[in-house]
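The values are calculated or read from the model by the stated rules, or taken from the named source; none is laboratory data. Values in this document were obtained by computation on a predicted structure and should not be read as measured data. Using ideal geometry, Cβ is built from the backbone for each residue, glycine included, and neighbour counts are taken over all protein chains shown. These accessible areas exclude ligands, DNA and RNA; they are computed on the full protein's heavy atoms, side chains included. Shrake-Rupley method; radii C 1.70, N 1.55, O 1.52, S 1.80 Å.
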Amino acid sequence: MLTGGGALAVGLQLATAPEASALDNGLNRTPQMGFNNWNSTHCGDRFNEDMIKGIADLFVSKGLKAAGYRYVNLDDCWALPERNAAGDLVPDPVRFPHGIKALADYVHGKGLKFGIYSSAGSKTCDVKGFPGGLGHERQDADLWASWGVDYLKYDNCNSQGLDAKARYQAMGDALKATGRPILYSICEWGSTGPWNWAGPVGNSWRTTGDISDTWQSMISIAQANQGTAAYAKPGAFNDPDMLEVGNGGMTATEYRTHFSLWAEMAAPLMIGTDLRTAEPETFEILTNADVIAVDQDPLGRQGSVVSSQNGLVVMSKPLADGSRAVTLTNEGSYDAVITTTAQTLGIGGATSYTVKDLWSKQTGTSTGTVSATVPGHGTAMFRVTPGSPVSPPTGTTWLSDLPFASATNFWGPVERDTTNGDHGTGDGTTLSIRGTTYAKGLGAHAPSDIAFHLGGTCRHLVTDVGVDDDAYGNGSVVFQVYKDGTKVADSGPLTGKDPAKHLTADLTGATTVRLVATDAGDGTSWDHADWAARALCRPAHQDAPGS
(Lines give C-alpha, C1' and ligand atoms only; values in the text may rest on other atoms or scores of the structure.)
Protein backbone atom coordinates (compact mmCIF):
# COMPACT_ATOMS: atom_id res chain seq x y z
CA MET A 1 0.00 0.00 0.00
CA LEU A 2 1.54 3.23 -1.11
CA THR A 3 -0.05 6.12 0.75
CA GLY A 4 0.44 7.82 4.05
CA GLY A 5 3.28 8.73 6.37
CA GLY A 6 4.28 7.36 9.74
CA ALA A 7 4.79 8.65 13.21
CA LEU A 8 7.31 7.11 15.59
CA ALA A 9 7.50 8.61 19.01
CA VAL A 10 11.08 7.80 19.79
CA GLY A 11 13.96 7.90 17.49
CA LEU A 12 15.91 5.05 15.98
CA GLN A 13 14.91 3.43 12.80
CA LEU A 14 16.24 1.16 10.10
CA ALA A 15 13.66 0.49 7.43
CA THR A 16 12.56 -3.08 7.72
CA ALA A 17 9.91 -4.83 5.70
CA PRO A 18 7.15 -7.02 7.04
CA GLU A 19 8.69 -9.97 8.79
CA ALA A 20 8.15 -12.45 5.99
CA SER A 21 11.08 -14.80 6.28
CA ALA A 22 13.57 -15.13 3.47
CA LEU A 23 13.69 -18.39 1.54
CA ASP A 24 15.60 -20.83 3.72
CA ASN A 25 17.75 -22.58 1.12
CA GLY A 26 21.07 -21.24 2.37
CA LEU A 27 21.69 -19.30 -0.85
CA ASN A 28 22.10 -15.66 -1.81
CA ARG A 29 22.99 -14.20 1.56
CA THR A 30 24.34 -11.37 -0.57
CA PRO A 31 22.98 -10.50 -4.05
CA GLN A 32 23.89 -12.88 -6.85
CA MET A 33 26.67 -11.92 -9.28
CA GLY A 34 27.19 -13.44 -12.69
CA PHE A 35 26.34 -13.30 -16.40
CA ASN A 36 23.21 -13.68 -18.50
CA ASN A 37 23.29 -13.50 -22.30
CA TRP A 38 19.90 -11.92 -23.02
CA ASN A 39 20.77 -8.21 -23.07
CA SER A 40 23.52 -8.75 -25.64
CA THR A 41 22.16 -11.57 -27.80
CA HIS A 42 18.43 -12.04 -27.24
CA CYS A 43 17.61 -15.11 -29.33
CA GLY A 44 20.29 -14.47 -31.95
CA ASP A 45 22.78 -16.95 -33.38
CA ARG A 46 25.62 -15.70 -31.14
CA PHE A 47 23.88 -17.38 -28.22
CA ASN A 48 25.40 -20.85 -28.22
CA GLU A 49 27.74 -23.25 -26.49
CA ASP A 50 30.91 -21.47 -27.64
CA MET A 51 29.70 -18.17 -26.22
CA ILE A 52 28.93 -19.62 -22.78
CA LYS A 53 32.27 -21.42 -22.62
CA GLY A 54 34.03 -18.23 -23.69
CA ILE A 55 32.32 -16.24 -20.94
CA ALA A 56 33.34 -18.83 -18.34
CA ASP A 57 36.93 -18.62 -19.58
CA LEU A 58 36.89 -14.80 -19.33
CA PHE A 59 35.47 -14.91 -15.82
CA VAL A 60 38.71 -16.56 -14.80
CA SER A 61 41.21 -14.79 -17.05
CA LYS A 62 39.85 -11.24 -16.61
CA GLY A 63 39.45 -11.36 -12.84
CA LEU A 64 35.65 -11.47 -12.74
CA LYS A 65 35.60 -14.68 -10.73
CA ALA A 66 38.07 -13.16 -8.29
CA ALA A 67 35.83 -10.07 -8.06
CA GLY A 68 32.89 -12.22 -6.93
CA TYR A 69 31.03 -13.15 -10.12
CA ARG A 70 29.94 -16.79 -9.92
CA TYR A 71 26.97 -17.62 -12.15
CA VAL A 72 27.13 -18.16 -15.93
CA ASN A 73 23.50 -18.35 -17.07
CA LEU A 74 21.48 -19.16 -20.17
CA ASP A 75 18.35 -17.16 -21.01
CA ASP A 76 15.47 -17.97 -23.37
CA CYS A 77 15.86 -19.96 -26.63
CA TRP A 78 18.15 -22.69 -25.28
CA ALA A 79 15.55 -25.45 -25.87
CA LEU A 80 13.66 -26.86 -28.84
CA PRO A 81 10.10 -25.58 -29.37
CA GLU A 82 8.57 -28.91 -28.31
CA ARG A 83 9.10 -31.36 -25.46
CA ASN A 84 10.05 -34.94 -26.28
CA ALA A 85 7.74 -37.95 -26.03
CA ALA A 86 8.48 -38.25 -22.31
CA GLY A 87 7.53 -34.62 -21.76
CA ASP A 88 11.10 -33.49 -21.10
CA LEU A 89 12.69 -30.28 -22.35
CA VAL A 90 15.22 -30.84 -25.13
CA PRO A 91 18.29 -28.61 -25.63
CA ASP A 92 18.65 -27.09 -29.10
CA PRO A 93 21.24 -29.40 -30.76
CA VAL A 94 22.48 -26.61 -33.06
CA ARG A 95 23.18 -24.13 -30.26
CA PHE A 96 24.31 -26.76 -27.75
CA PRO A 97 25.62 -29.79 -29.64
CA HIS A 98 27.07 -31.40 -26.51
CA GLY A 99 23.96 -30.83 -24.41
CA ILE A 100 23.36 -28.81 -21.27
CA LYS A 101 24.94 -31.21 -18.77
CA ALA A 102 28.27 -31.12 -20.61
CA LEU A 103 28.12 -27.32 -20.69
CA ALA A 104 27.32 -27.16 -16.97
CA ASP A 105 30.24 -29.49 -16.30
CA TYR A 106 32.54 -27.15 -18.24
CA VAL A 107 31.38 -24.15 -16.22
CA HIS A 108 31.73 -26.09 -12.96
CA GLY A 109 35.24 -27.06 -14.01
CA LYS A 110 36.16 -23.36 -13.87
CA GLY A 111 34.98 -23.15 -10.27
CA LEU A 112 31.81 -21.36 -11.35
CA LYS A 113 28.07 -22.07 -11.20
CA PHE A 114 25.61 -22.63 -14.04
CA GLY A 115 22.11 -21.21 -14.54
CA ILE A 116 19.14 -21.79 -16.82
CA TYR A 117 15.87 -20.10 -17.81
CA SER A 118 12.17 -20.96 -18.05
CA SER A 119 8.80 -19.25 -17.58
CA ALA A 120 5.91 -19.77 -15.14
CA GLY A 121 3.55 -20.24 -18.06
CA SER A 122 2.68 -22.54 -20.92
CA LYS A 123 5.44 -21.04 -23.07
CA THR A 124 8.46 -18.78 -22.55
CA CYS A 125 8.57 -15.15 -23.62
CA ASP A 126 10.27 -15.35 -27.01
CA VAL A 127 7.91 -15.13 -29.99
CA LYS A 128 9.00 -18.61 -31.11
CA GLY A 129 7.21 -19.99 -28.07
CA PHE A 130 9.50 -22.42 -26.29
CA PRO A 131 7.95 -24.70 -23.63
CA GLY A 132 7.29 -23.11 -20.23
CA GLY A 133 7.25 -24.79 -16.86
CA LEU A 134 3.56 -24.47 -15.98
CA GLY A 135 2.29 -27.94 -15.11
CA HIS A 136 5.76 -29.44 -15.52
CA GLU A 137 7.41 -27.97 -12.42
CA ARG A 138 8.62 -31.17 -10.78
CA GLN A 139 9.64 -32.80 -14.07
CA ASP A 140 11.65 -29.76 -15.19
CA ALA A 141 13.25 -29.20 -11.80
CA ASP A 142 14.38 -32.82 -11.63
CA LEU A 143 15.82 -32.59 -15.14
CA TRP A 144 17.75 -29.39 -14.36
CA ALA A 145 19.08 -30.86 -11.14
CA SER A 146 20.30 -33.93 -13.07
CA TRP A 147 22.20 -31.58 -15.41
CA GLY A 148 23.86 -29.76 -12.50
CA VAL A 149 21.91 -26.51 -12.72
CA ASP A 150 22.62 -24.07 -9.86
CA TYR A 151 20.31 -21.16 -10.76
CA LEU A 152 16.86 -20.70 -12.30
CA LYS A 153 15.55 -17.47 -13.80
CA TYR A 154 11.77 -18.01 -13.99
CA ASP A 155 9.88 -15.58 -16.23
CA ASN A 156 6.19 -14.61 -16.28
CA CYS A 157 4.92 -15.06 -19.85
CA ASN A 158 1.85 -17.03 -20.97
CA SER A 159 0.54 -17.45 -17.45
CA GLN A 160 -2.96 -18.52 -18.52
CA GLY A 161 -4.38 -16.00 -16.06
CA LEU A 162 -3.35 -18.09 -13.06
CA ASP A 163 -2.30 -16.63 -9.72
CA ALA A 164 1.35 -15.50 -9.75
CA LYS A 165 2.20 -16.52 -6.21
CA ALA A 166 0.79 -20.00 -6.74
CA ARG A 167 2.70 -20.45 -10.01
CA TYR A 168 5.99 -19.36 -8.49
CA GLN A 169 5.45 -21.31 -5.30
CA ALA A 170 4.88 -24.49 -7.35
CA MET A 171 8.30 -24.18 -8.97
CA GLY A 172 9.91 -23.20 -5.69
CA ASP A 173 8.56 -26.36 -4.09
CA ALA A 174 9.81 -28.41 -7.04
CA LEU A 175 13.31 -26.96 -6.81
CA LYS A 176 13.43 -27.67 -3.08
CA ALA A 177 12.29 -31.24 -3.65
CA THR A 178 15.28 -31.96 -5.90
CA GLY A 179 17.60 -31.69 -2.92
CA ARG A 180 20.03 -29.62 -5.01
CA PRO A 181 20.77 -26.02 -3.96
CA ILE A 182 19.33 -23.96 -6.84
CA LEU A 183 19.14 -20.17 -6.55
CA TYR A 184 15.60 -19.13 -7.50
CA SER A 185 15.31 -15.83 -9.39
CA ILE A 186 11.66 -14.82 -9.76
CA CYS A 187 11.12 -12.72 -12.91
CA GLU A 188 7.53 -11.55 -12.32
CA TRP A 189 8.19 -7.92 -13.46
CA GLY A 190 6.70 -6.43 -10.27
CA SER A 191 3.18 -6.99 -11.61
CA THR A 192 1.66 -8.21 -8.33
CA GLY A 193 4.04 -6.55 -5.88
CA PRO A 194 6.24 -9.61 -5.36
CA TRP A 195 8.21 -7.81 -2.64
CA ASN A 196 5.10 -8.45 -0.50
CA TRP A 197 5.08 -12.24 -0.99
CA ALA A 198 8.21 -13.53 -2.73
CA GLY A 199 10.64 -13.47 0.22
CA PRO A 200 9.80 -16.99 1.45
CA VAL A 201 9.40 -18.24 -2.15
CA GLY A 202 12.52 -17.12 -4.04
CA ASN A 203 15.97 -15.60 -3.54
CA SER A 204 15.25 -12.48 -5.61
CA TRP A 205 12.35 -10.99 -7.50
CA ARG A 206 12.12 -8.58 -10.39
CA THR A 207 10.52 -5.28 -9.42
CA THR A 208 10.05 -3.81 -12.92
CA GLY A 209 9.71 -4.60 -16.60
CA ASP A 210 12.73 -5.26 -18.80
CA ILE A 211 15.65 -2.87 -18.94
CA SER A 212 17.05 -1.58 -22.24
CA ASP A 213 20.41 0.00 -23.02
CA THR A 214 19.36 3.66 -22.67
CA TRP A 215 19.70 6.26 -19.94
CA GLN A 216 15.95 6.78 -19.69
CA SER A 217 15.22 3.06 -19.29
CA MET A 218 17.96 2.55 -16.72
CA ILE A 219 17.18 5.57 -14.55
CA SER A 220 13.40 4.97 -14.60
CA ILE A 221 13.96 1.39 -13.45
CA ALA A 222 16.28 2.60 -10.69
CA GLN A 223 13.62 5.07 -9.53
CA ALA A 224 10.96 2.35 -9.43
CA ASN A 225 13.21 -0.04 -7.52
CA GLN A 226 14.10 2.60 -4.92
CA GLY A 227 10.57 2.39 -3.52
CA THR A 228 11.03 -1.24 -2.45
CA ALA A 229 14.16 -0.73 -0.33
CA ALA A 230 12.61 -1.91 2.93
CA TYR A 231 11.97 -5.42 1.61
CA ALA A 232 15.56 -6.48 0.84
CA LYS A 233 17.33 -8.77 3.26
CA PRO A 234 19.97 -11.52 3.18
CA GLY A 235 18.65 -14.34 1.01
CA ALA A 236 15.91 -12.20 -0.57
CA PHE A 237 16.63 -9.19 -2.78
CA ASN A 238 14.83 -6.78 -5.10
CA ASP A 239 15.96 -7.22 -8.72
CA PRO A 240 15.80 -4.21 -11.07
CA ASP A 241 16.96 -6.41 -13.98
CA MET A 242 20.34 -7.24 -15.47
CA LEU A 243 23.21 -4.87 -16.20
CA GLU A 244 23.61 -3.10 -19.54
CA VAL A 245 27.18 -1.96 -18.83
CA GLY A 246 29.26 -2.31 -21.99
CA ASN A 247 26.46 -2.76 -24.51
CA GLY A 248 27.09 0.63 -26.14
CA GLY A 249 23.86 2.53 -25.67
CA MET A 250 25.05 4.71 -22.78
CA THR A 251 28.15 6.74 -22.02
CA ALA A 252 30.85 5.63 -19.60
CA THR A 253 29.50 8.17 -17.09
CA GLU A 254 26.03 6.70 -17.38
CA TYR A 255 27.34 3.15 -17.03
CA ARG A 256 29.17 4.11 -13.83
CA THR A 257 25.88 5.53 -12.53
CA HIS A 258 24.14 2.29 -13.54
CA PHE A 259 26.67 0.14 -11.69
CA SER A 260 26.79 2.46 -8.66
CA LEU A 261 23.01 2.52 -8.23
CA TRP A 262 22.64 -1.23 -8.62
CA ALA A 263 25.30 -1.76 -5.95
CA GLU A 264 23.73 0.86 -3.67
CA MET A 265 20.37 -0.89 -4.04
CA ALA A 266 21.82 -4.32 -3.12
CA ALA A 267 20.71 -5.54 -6.55
CA PRO A 268 21.89 -8.66 -8.36
CA LEU A 269 24.91 -7.81 -10.52
CA MET A 270 24.27 -9.91 -13.62
CA ILE A 271 26.52 -8.86 -16.50
CA GLY A 272 24.56 -8.49 -19.73
CA THR A 273 27.27 -7.74 -22.28
CA ASP A 274 29.25 -10.13 -24.47
CA LEU A 275 32.55 -10.04 -22.61
CA ARG A 276 34.37 -11.53 -25.59
CA THR A 277 34.20 -8.13 -27.31
CA ALA A 278 34.12 -5.85 -24.25
CA GLU A 279 36.36 -2.77 -23.97
CA PRO A 280 38.86 -2.42 -21.10
CA GLU A 281 36.70 0.31 -19.57
CA THR A 282 33.82 -2.16 -19.24
CA PHE A 283 35.99 -4.54 -17.22
CA GLU A 284 37.19 -1.61 -15.08
CA ILE A 285 33.60 -0.72 -14.18
CA LEU A 286 32.48 -4.30 -13.59
CA THR A 287 35.43 -5.15 -11.33
CA ASN A 288 35.48 -2.04 -9.10
CA ALA A 289 36.13 -3.80 -5.79
CA ASP A 290 34.93 -0.95 -3.58
CA VAL A 291 31.59 -0.67 -5.36
CA ILE A 292 31.12 -4.45 -5.41
CA ALA A 293 31.82 -4.51 -1.65
CA VAL A 294 28.84 -2.19 -1.15
CA ASP A 295 26.58 -4.52 -3.12
CA GLN A 296 27.92 -7.58 -1.30
CA ASP A 297 27.89 -6.13 2.21
CA PRO A 298 26.76 -8.90 4.61
CA LEU A 299 24.20 -6.69 6.33
CA GLY A 300 22.11 -7.14 3.18
CA ARG A 301 20.30 -3.80 3.34
CA GLN A 302 19.22 -1.87 0.27
CA GLY A 303 20.09 1.82 0.11
CA SER A 304 17.25 4.31 0.55
CA VAL A 305 16.62 7.74 -0.91
CA VAL A 306 17.21 10.32 1.83
CA SER A 307 16.79 13.40 -0.34
CA SER A 308 15.60 14.12 -3.86
CA GLN A 309 15.14 17.57 -5.34
CA ASN A 310 15.19 18.74 -8.94
CA GLY A 311 16.81 15.54 -10.15
CA LEU A 312 19.57 15.57 -7.53
CA VAL A 313 19.19 12.35 -5.56
CA VAL A 314 21.03 11.16 -2.43
CA MET A 315 20.87 7.56 -1.29
CA SER A 316 22.27 6.05 1.92
CA LYS A 317 22.97 2.34 2.50
CA PRO A 318 23.79 0.99 5.98
CA LEU A 319 26.85 -1.29 6.00
CA ALA A 320 27.86 -3.98 8.46
CA ASP A 321 30.80 -2.02 9.91
CA GLY A 322 28.60 0.95 10.84
CA SER A 323 29.55 3.05 7.84
CA ARG A 324 27.25 4.21 5.05
CA ALA A 325 27.54 3.87 1.29
CA VAL A 326 26.36 7.11 -0.28
CA THR A 327 25.40 7.92 -3.85
CA LEU A 328 24.98 11.47 -5.13
CA THR A 329 23.20 11.17 -8.49
CA ASN A 330 22.62 13.99 -10.98
CA GLU A 331 19.69 12.97 -13.16
CA GLY A 332 19.95 16.25 -15.07
CA SER A 333 22.09 17.07 -18.10
CA TYR A 334 24.51 19.64 -16.64
CA ASP A 335 27.07 19.66 -13.83
CA ALA A 336 25.59 20.19 -10.37
CA VAL A 337 26.87 20.38 -6.79
CA ILE A 338 25.15 17.81 -4.57
CA THR A 339 25.56 18.08 -0.80
CA THR A 340 24.31 16.03 2.10
CA THR A 341 25.15 15.59 5.78
CA ALA A 342 25.95 12.73 8.12
CA GLN A 343 22.72 13.48 9.98
CA THR A 344 20.69 13.09 6.78
CA LEU A 345 22.57 9.88 5.97
CA GLY A 346 21.57 8.40 9.35
CA ILE A 347 24.95 8.50 11.09
CA GLY A 348 24.92 11.91 12.74
CA GLY A 349 26.56 12.58 16.08
CA ALA A 350 30.20 11.70 15.44
CA THR A 351 32.86 14.41 15.62
CA SER A 352 34.56 13.37 12.38
CA TYR A 353 34.09 11.05 9.42
CA THR A 354 36.34 9.30 6.92
CA VAL A 355 35.05 9.77 3.37
CA LYS A 356 36.33 7.52 0.57
CA ASP A 357 35.43 8.17 -3.08
CA LEU A 358 34.74 4.70 -4.47
CA TRP A 359 35.59 5.66 -8.07
CA SER A 360 38.60 7.98 -7.70
CA LYS A 361 39.80 6.07 -4.59
CA GLN A 362 40.67 9.36 -2.84
CA THR A 363 40.12 9.43 0.93
CA GLY A 364 39.56 12.46 3.13
CA THR A 365 37.92 13.55 6.39
CA SER A 366 34.82 15.59 7.13
CA THR A 367 33.01 16.97 10.15
CA GLY A 368 29.75 15.79 8.63
CA THR A 369 29.30 17.28 5.17
CA VAL A 370 29.54 15.15 2.01
CA SER A 371 29.59 17.09 -1.23
CA ALA A 372 30.66 16.70 -4.87
CA THR A 373 30.31 18.36 -8.24
CA VAL A 374 28.57 15.68 -10.28
CA PRO A 375 28.36 15.72 -14.10
CA GLY A 376 25.06 15.33 -15.88
CA HIS A 377 23.81 11.71 -15.65
CA GLY A 378 26.69 11.03 -13.26
CA THR A 379 26.97 9.58 -9.78
CA ALA A 380 29.55 10.22 -7.08
CA MET A 381 29.80 7.31 -4.67
CA PHE A 382 31.36 7.39 -1.20
CA ARG A 383 31.87 5.22 1.85
CA VAL A 384 31.36 7.41 4.93
CA THR A 385 32.66 6.02 8.22
CA PRO A 386 32.05 7.70 11.61
CA GLY A 387 35.14 8.42 13.67
CA SER A 388 34.41 9.26 17.31
CA PRO A 389 31.25 7.43 18.39
CA VAL A 390 27.93 9.09 19.04
CA SER A 391 27.70 10.12 22.69
CA PRO A 392 25.20 8.04 24.69
CA PRO A 393 22.42 9.68 26.75
CA THR A 394 23.38 10.72 30.30
CA GLY A 395 20.03 11.35 31.96
CA THR A 396 16.29 10.90 31.56
CA THR A 397 15.99 11.68 27.89
CA TRP A 398 13.29 11.79 25.26
CA LEU A 399 14.52 9.61 22.42
CA SER A 400 13.26 12.15 19.90
CA ASP A 401 15.92 14.50 21.33
CA LEU A 402 18.76 12.02 20.67
CA PRO A 403 20.73 11.66 17.43
CA PHE A 404 19.90 8.62 15.36
CA ALA A 405 22.61 6.03 14.96
CA SER A 406 20.66 5.12 11.82
CA ALA A 407 17.15 5.59 10.52
CA THR A 408 15.25 4.36 7.49
CA ASN A 409 11.61 4.75 6.60
CA PHE A 410 9.19 3.66 3.87
CA TRP A 411 7.94 7.15 2.97
CA GLY A 412 9.98 10.29 3.70
CA PRO A 413 12.22 10.70 6.74
CA VAL A 414 11.49 9.72 10.32
CA GLU A 415 10.15 12.88 11.96
CA ARG A 416 10.86 14.13 15.47
CA ASP A 417 7.81 15.21 17.52
CA THR A 418 5.47 15.23 14.49
CA THR A 419 3.88 12.70 12.19
CA ASN A 420 5.53 11.60 8.96
CA GLY A 421 4.03 13.54 6.06
CA ASP A 422 5.35 11.16 3.38
CA HIS A 423 7.63 13.65 1.64
CA GLY A 424 10.24 16.09 2.96
CA THR A 425 11.43 16.94 6.45
CA GLY A 426 8.94 18.93 8.52
CA ASP A 427 5.78 18.14 6.56
CA GLY A 428 4.01 16.32 9.41
CA THR A 429 1.48 17.41 12.03
CA THR A 430 0.95 16.80 15.77
CA LEU A 431 1.20 13.16 16.84
CA SER A 432 -2.27 11.82 17.64
CA ILE A 433 -3.60 8.32 18.43
CA ARG A 434 -7.39 7.88 18.76
CA GLY A 435 -7.85 11.52 19.72
CA THR A 436 -4.99 11.71 22.23
CA THR A 437 -2.24 14.10 21.14
CA TYR A 438 1.43 13.90 22.06
CA ALA A 439 4.03 16.66 22.14
CA LYS A 440 6.98 14.25 21.99
CA GLY A 441 7.69 11.23 19.88
CA LEU A 442 8.69 9.94 16.46
CA GLY A 443 6.60 9.84 13.31
CA ALA A 444 7.34 7.06 10.80
CA HIS A 445 5.76 5.05 8.04
CA ALA A 446 6.14 1.28 8.31
CA PRO A 447 8.22 -0.57 7.47
CA SER A 448 10.80 1.42 9.37
CA ASP A 449 13.77 0.82 11.67
CA ILE A 450 15.35 3.42 13.96
CA ALA A 451 18.51 2.86 16.01
CA PHE A 452 20.09 4.75 18.92
CA HIS A 453 23.50 4.36 20.51
CA LEU A 454 23.01 3.90 24.29
CA GLY A 455 26.48 2.85 25.43
CA GLY A 456 25.08 0.85 28.34
CA THR A 457 23.74 3.94 30.13
CA CYS A 458 20.01 3.41 29.65
CA ARG A 459 17.89 1.08 31.76
CA HIS A 460 14.28 1.42 30.63
CA LEU A 461 12.32 2.44 27.55
CA VAL A 462 8.71 3.52 28.01
CA THR A 463 6.48 4.50 25.09
CA ASP A 464 2.94 4.59 23.74
CA VAL A 465 2.59 3.20 20.22
CA GLY A 466 -0.17 3.21 17.64
CA VAL A 467 -1.31 4.15 14.16
CA ASP A 468 -1.64 7.92 13.84
CA ASP A 469 -5.04 9.52 13.39
CA ASP A 470 -3.93 10.97 10.05
CA ALA A 471 -4.47 7.45 8.66
CA TYR A 472 -8.24 8.00 9.18
CA GLY A 473 -8.74 4.65 10.88
CA ASN A 474 -6.79 2.77 8.22
CA GLY A 475 -3.44 1.03 8.43
CA SER A 476 -2.00 -1.81 10.52
CA VAL A 477 1.41 -1.86 12.21
CA VAL A 478 3.43 -4.07 14.56
CA PHE A 479 5.84 -2.21 16.89
CA GLN A 480 8.96 -4.00 18.14
CA VAL A 481 11.92 -3.02 20.33
CA TYR A 482 15.32 -4.70 19.87
CA LYS A 483 18.09 -4.60 22.48
CA ASP A 484 21.42 -5.35 20.75
CA GLY A 485 19.62 -7.55 18.24
CA THR A 486 17.31 -9.33 20.68
CA LYS A 487 13.59 -8.50 20.62
CA VAL A 488 12.48 -7.30 24.05
CA ALA A 489 9.02 -5.85 23.29
CA ASP A 490 6.30 -6.49 20.71
CA SER A 491 2.95 -4.71 20.43
CA GLY A 492 1.25 -7.27 18.22
CA PRO A 493 -0.82 -5.93 15.30
CA LEU A 494 -2.42 -2.53 15.89
CA THR A 495 -4.83 -0.89 13.45
CA GLY A 496 -5.93 2.69 12.96
CA LYS A 497 -9.03 1.90 15.00
CA ASP A 498 -7.11 0.71 18.08
CA PRO A 499 -6.14 2.91 21.05
CA ALA A 500 -2.49 3.48 21.88
CA LYS A 501 -0.67 0.56 23.47
CA HIS A 502 1.77 1.08 26.32
CA LEU A 503 5.14 -0.66 25.81
CA THR A 504 8.05 -0.99 28.21
CA ALA A 505 11.41 -2.60 27.60
CA ASP A 506 14.36 -3.44 29.85
CA LEU A 507 17.47 -2.00 28.16
CA THR A 508 19.96 -2.64 30.97
CA GLY A 509 23.48 -2.84 29.51
CA ALA A 510 22.33 -2.26 25.92
CA THR A 511 24.77 -0.72 23.48
CA THR A 512 22.07 -0.10 20.87
CA VAL A 513 18.29 -0.01 20.82
CA ARG A 514 16.26 -0.38 17.62
CA LEU A 515 12.65 0.67 17.19
CA VAL A 516 11.12 -1.37 14.38
CA ALA A 517 7.68 -0.90 12.83
CA THR A 518 6.49 -3.53 10.34
CA ASP A 519 3.42 -3.40 8.13
CA ALA A 520 1.77 -6.38 9.91
CA GLY A 521 2.13 -8.44 6.73
CA ASP A 522 -0.75 -6.90 4.78
CA GLY A 523 0.98 -4.15 2.79
CA THR A 524 1.98 -0.62 3.67
CA SER A 525 -1.05 1.58 2.95
CA TRP A 526 -1.68 4.13 5.68
CA ASP A 527 0.81 2.52 8.05
CA HIS A 528 1.60 5.72 9.97
CA ALA A 529 3.54 4.44 12.96
CA ASP A 530 3.77 6.64 16.10
CA TRP A 531 6.18 6.06 18.97
CA ALA A 532 4.63 8.62 21.28
CA ALA A 533 3.95 10.11 24.69
CA ARG A 534 6.16 8.44 27.27
CA ALA A 535 8.88 7.65 24.77
CA LEU A 536 11.83 8.24 27.04
CA CYS A 537 14.98 6.61 28.35
CA ARG A 538 15.60 6.24 32.10
CA PRO A 539 19.28 5.95 33.06
CA ALA A 540 20.51 2.91 34.97
CA HIS A 541 20.46 4.57 38.39
CA GLN A 542 16.74 5.52 38.16
CA ASP A 543 13.66 3.36 38.39
CA ALA A 544 11.40 3.02 35.38
CA PRO A 545 8.43 5.41 35.46
CA GLY A 546 5.13 3.99 36.50
CA SER A 547 3.14 5.93 33.96
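For the stretch 110-160, evaluate the Debye formula with one uniform point scatterer on each Cα (no solvent term) and list log10 I(q)/I(0) at q = 0.17 Å⁻¹, rounded to two decimals.
Log-scaled intensity ratios, in q order: -0.51.
Based only on Cα atoms, what mean projected area does the convex hull of the stretch 74-135 have, in nm²? Write out the running numbers ahead of the final one.
Numbers: hull surface 18.3 nm².
Projected over every direction and averaged, the Cα hull of the stretch 74-135 covers 4.6 nm².
Rounded to the nearest 10 degrees, what's the angle between the helix 99-109 long axis and the longest principal axis of the chain, both from Cα atoms, 0 to 90?
Long axis of 99-109 versus the principal axis of the chain: about 60 degrees.
Considering the alpha-carbon set of the stretch 101-250 alone, what are its Rg and its Dmax in angstrom?
Cα radius of gyration and Dmax of the stretch 101-250 are 15.7, 43 Å respectively.
Semi-axes of the equivalent ellipsoid of the chain: what are they in whole Å, largest first, if each equals the square root of 5 times a C-alpha gyration tensor eigenvalue?
Numbers: eigenvalues 378, 141, 75 Å².
Listed largest to smallest, the semi-axes of the chain are 44, 27, 19 Å.
So what's the angle, to the nearest 10 degrees on a 0 to 90 scale, between helix 49-61 and the longest Cα principal axis of the chain?
For helix 49-61, the angle is close to 50 degrees.
Show me the ranking of peptides 122-131, 226-235, 459-468 by mean Cβ neighbours inside 10 Å, starting with the highest.
Numbers: 122-131: 17.5, 226-235: 22.4, 459-468: 26.7.
Ranked from most to least packed, the peptides come out as 459-468, 226-235, 122-131.
Mean shadow of the stretch 26-90, computed from the convex hull of its alpha carbons, in nm²?
Working: hull surface 25.1 nm².
The orientation-averaged projected area of the Cα hull of the stretch 26-90 comes to 6.3 nm².
On average over all directions, what projected area in square nanometres does the stretch 351-492 have, based on the convex hull of its Cα atoms? Provide the component values of the computation, followed by the final result.
Numbers: hull surface 45.0 nm².
In nm², the orientation-averaged hull projection of the stretch 351-492 is 11.2.
With the full set of protein chains in place, find how many percent of the accessible area of the chain is carbon and sulfur; take the probe as 1.4 Å.
Values: 10090 of 19670 Å².
Ligands and nucleic acids excluded, carbon and sulfur reach 51 percent.
With runs of 4+ DSSP H residues as the only contributors, calculate the mean residue ellipticity of the chain at 222 nm using -39,500 (n - 2.57) per run, divided by the residue total and rounded to the nearest 500.
Working: 11 runs with 101 residues, N = 547.
It lands at -5500 deg cm²/dmol.
How far is helix 215-226 tilted off the main Cα axis of the chain, in degrees rounded to 10, range 0 to 90?
Taking Cα atoms only, the helix is inclined about 50 degrees.
Using the heavy atoms of the protein chains alone and a 1.4 angstrom probe, what is the accessible area of the stretch 248-339 per residue in square angstrom? Before the final figure, lay out the partial values.
Working: 3100 Å² over 92 residues.
Per residue, the stretch 248-339 has 34 Å² of solvent-accessible surface.
Given a cut-off of under 8 Å on Cα pairs at least six residues apart, what relative contact order in percent is computed for the stretch 226-366? Write down the numbers at each step before the final one.
Values: 218 pairs, mean separation 27.4, N = 141.
Over the stretch 226-366, the number comes to 19 percent.
Which semi-axis lengths, in whole Å and largest first, follow from the square roots of five times the eigenvalues of the Cα gyration tensor of the stretch 78-189?
On the way: eigenvalues 93, 57, 30 Å².
The equivalent ellipsoid of the stretch 78-189 has semi-axes of 22, 17, 12 Å.
Summarise the long-distance tail of P(r) for the stretch 263-395 by giving the % of C-alpha pairs beyond 20 Å. Walk me through the numbers on the way to the answer.
Working: 4289 of 8778 pairs.
Cα-Cα pairs of the stretch 263-395 separated by over 20 Å account for 49 percent.
Quote the Stokes-Einstein diffusion coefficient, in whole µm² s⁻¹, for the stretch 456-505, based on the Kirkwood radius over alpha carbon pairs, a temperature of 4 °C and a viscosity of 1.567 mPa s.
Working: Rh = 11.8 Å.
Rounded, D is 110 µm²/s.
Once Rh for the stretch 303-367 is found with the Kirkwood sum over Cα pairs, what is the Stokes-Einstein diffusion coefficient at 10 °C and 1.306 mPa s, in µm²/s?
It comes out at roughly 125 µm²/s.
Roughly how far apart, in whole Å, are the Cα centres of the stretch 298-335 and the stretch 83-130?
Centre-to-centre distance over Cα atoms comes out at 38 Å.
Provide the FRET efficiency to the nearest 0.05 for the Val90-Gln216 pair, computing r from the beta carbons and using R0 = 35 Å. Intermediate results must be reported in sequence, preceding the final value.
Details: r = 39 Å, r/R0 = 1.12.
The pair Val90/Gln216 has a calculated efficiency of 0.35.
Once the principal axes of the Cα atoms of the stretch 190-322 are found, what is the range along each, listed largest first in whole angstroms?
In descending order, the Cα extents are 39, 35, 34 Å.
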